[in-house]
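This report refers to the structure that appears directly beneath it.
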Amino acid sequence: MKKAVMLWIGGIYVVGLLSWWGYEAWQSPERNVMIMADPVVAHDLKQMSQEASLIVVAISEGEAGQRSTASSTEVKTFSFAVHETLKGKAPANMQVRVPYRRVETLSMDGERAKVALKKPMVVAPAVGKKVVLFLDRRSADGAYHVAFQPYLIEQDEQGKAKLIISKESQATVELEDGTRVTLKEDAQIKDTITGRPFADVVREIKNMAVKRSGS
């Protein structure tokens, strides 16, 4: 009799636990949205040197002006003092727009919501560092745009080059209803630049840029 009562009580406990778990799962359904992106990428120094329309050696002076949104991309603007132009024509001082967040409009449960996701491959330039910038077109207001990812080679304290690449390939935000939205940028970049003398890398960029323009 005692054993039957214990089994009966245990059965009620299990049923109650399952009911609670089912209610919680129904209340907080786990939803995941994956957005795949194919960023414009240069895979090696040769491609970087040949495909960028403007290449400069400059000193980063930090973020400047207001952040802005162009189409579906939010950008930050950084100021640079140009020390040497390796390809193209550049002013003594320039502003460069760097994309840092992608804005997506999602439709869920009949409602539309805008989601801003950090672009995982993009790294902002460090203030005061000497860098090589690989740039593209110039906007009507005079600001330049990065040509591709990676767009930045930095000189370290030992005079060595460092290709600035993000270690992250995806970024996630969680919405108020618990939905997790992930932006994944899929690109394979082989770093053959980091560790080399910065001056040697600059010299090689010059040579490859001249060959391309003369071909």
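Got a sec? How would Arg203, Arg97 order by Cβ neighbour count within 10 Å, fewest to most?
Arg203, Arg97
What number comes out for the charge environment of Leu135, summing +1 per Lys or Arg and -1 per Asp or Glu over other residues with Cβ under 13 Å away?
Cβ neighbours under 13 Å give a net charge of +3.
At what distance in nm do the modelled label points of Asp44 and Thr192 sit from each other, each positioned 7 Å from its Cα along Cα→Cβ?
With each label placed 7 Å out from Cα toward Cβ, I get 0.3 nm.
What number comes out for the charge environment of Ala90, summing +1 per Lys or Arg and -1 per Asp or Glu over other residues with Cβ under 11 Å away?
It works out to a net charge of +2.
Rank the residues Leu86, Leu133 as a footprinting-exposure proxy: fewest other Cβ atoms within 10 Å of their Cβ go first.
Fewest to most other Cβ atoms nearby, the residues stand as Leu86, Leu133.
Taking K and R as +1 and D and E as -1, what net charge do the other residues with C-beta under 15 Å from the C-beta of Lys160 add up to?
Taking every Cβ under 15 Å from that of Lys160, the sum is -1.
On a full-extension model of 0.36 nm per residue, what is the gain between Ala92 and Val33, subtracting their alpha-carbon distance, rounded to one decimal in nm?
16.8 nm
A short reminder: the numbers here are calculations on the coordinates, not readings from a lab. What you see is a predicted model; the values in this text were computed from it and never measured. So basically every Cβ, Gly included, is an ideal-geometry build from the backbone, and we count neighbours across all protein chains shown.
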